[in-house]
Amino acid sequence: MRRICTAEPALSGEAREHQSGQLGAVRTLCARSDRTAQTRSTGAASGRATDSIPDQLHLVAGRLHEILVTGCSFDPIYRHILTAPGKRVRAGLGLACFRLQPSAATVSPAEAIDLACAIEMFHESSLIHDDICDGSLLRRGAASVPAAFGVRIAARAGFHLAGTALQILARVVDDNPAVFARVGEDPAVTYLDQLSELSFGQLIETLPPAIDDAALRRHYERVAAAKTGTLFRLACSYGGTAGGVDADGLRALMGYADQLALAFQIMDDVCDVEGGPSLGKKSCGDLDRRVPTWPVIEWLAMRPGSRELWLSELTPSAVLQAELVRSGATRAARAVAVHAAETACRALDVFPPSVARDHLRELTVRVVSR
């Protein structure tokens, strides 16, 4: 029986210095891209709401409460979820994309908030079912929904959340036929018809290929694009379409979302290994389940004898955790995440300088700064 990992090794001074240098590279790239803009455009200049993205995220929080806490049997679950919210990354993506390009054909700011809420509800629904599949007891430092309310009720709440999100998204699209007339025309742009990729990613994550470096990396990228990238792309596509972003801009946003998702997922894996109070859940869960995350893939490629250690059920997760840190595998994984973040930042060069573009660029830095 595998022993659960409990150690949380601290980064060495050398590792911290290396990490700081990597983050500096992303910040420098984003700053260099913005150097031509001496002043930032505002929402008022583009005929949009003047609230900053963080201010709008407060509106999302209030609107989610209005939508979900309605006196139904799921109210206790929704209050539990809303009491421990995440960073609203996906809502922020949608709201920023809504304000990227001035256009006459846009939805109202209130409808943009509703679209952001729908994406967040899809995300919360997916987290409930992730916690059911993984048997996770904690989420964001609190009891997970399955742990607090039971698996059966949690599953029903997850379905109800997704259904409510579908209703809201459908209403906004139906009320704005001219704005959403192009939906589905470009197969390179993700819309709701690809939502099933979420569950596909959850499924194939548990079915890794044989231990072959190239195959493992391809598999990981496919999982990240499905599990994390799907909602990132949906947030960008619906937010961008709602804000009148043109076809070239939407394709650029898909590239941004995919690279941001890869960086985000790799950093999640690094944090799962390194642990710490900010994780909000038990560390090393993927090691316990022998999921080949990116730090593990780097370790398997660089450390002789790692294959045998990885495959042996007698190897405690604590030993694997120490190996991943000591070998430099987590540092190598961070470097890949930084490269993906830099690529995401460059994808935004097609858009004019704006507060919205700044938000998207700053997000690439925050993702790899965890």
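The values are calculated or read from the model by the stated rules, or taken from the named source; none is laboratory data. Source: prediction; values computed, not measured. When we count neighbours, we look across all protein chains shown, and the Cβ atoms used for this are built from the backbone with ideal geometry, even at glycine. With ligands, DNA and RNA removed, areas are computed over all heavy atoms of the protein, side chains included. Shrake-Rupley method; radii C 1.70, N 1.55, O 1.52, S 1.80 Å.
Of note:
- Residue in the stretch 213-236 that is among the small types (Gly, Ala, Ser), surrounded by fewer than 15 Cβ atoms within 10 Å (Cβ to Cβ) and over 30 Å from ARG290 (Cα atoms) present: no
- When the stretch 237-248 is filtered for residues that are surrounded by 23 or more Cβ atoms within 10 Å (Cβ to Cβ) and over 17 Å from ALA170 (Cα atoms), only VAL245 remains.
- Residues of the stretch 304-362 satisfying the condition of being more than 25 Å from VAL89 (Cα to Cα), of a type in the set (S, T, N, Q) and in contact with a helix residue (DSSP H, G or I) (Cβ under 7 Å, 6 or more places away or on another chain): SER306, THR315, SER317, GLN321, SER327
- Boolean, ILE53 is more than 21 Å from LEU192 (Cα to Cα), touching a residue at least 60 places away in the same chain (Cβ under 8 Å) and in contact with a Leu (Cβ under 6 Å, 6 or more places away or on another chain): yes
- Just one of the listed residues (PRO102, PRO54) is under 19 Å from the mean Cα position of the chain (by Cα) and modelled with pLDDT under 95, and it is PRO54.
- The set of residues from the stretch 333-367 being in contact with a Pro (Cβ under 9 Å, 6 or more places away or on another chain) and surrounded by fewer than 19 Cβ atoms within 10 Å (Cβ to Cβ) comprises just one member, PRO352.
- Any hit, the stretch 121-132, residues being in contact with a Ser or Thr (Cβ under 6 Å, 6 or more places away or on another chain), open to solvent by less than 30 Å² (accessible area, probe 1.4 Å) and over 26 Å from GLN56 (Cβ atoms): yes
- Positions within the stretch 137-187 being farther than 24 Å from LEU115 by Cα, open to solvent by 30 Å² or more (accessible area, probe 1.4 Å) and part of a loop (DSSP other than H, G, I, E, B), in sequence order: LEU137, GLY141
- PRO208 part of a loop (DSSP other than H, G, I, E, B), touching a Pro at 6+ places or on another chain (Cβ under 7 Å) and open to solvent by 20 Å² or more (accessible area, probe 1.4 Å): yes
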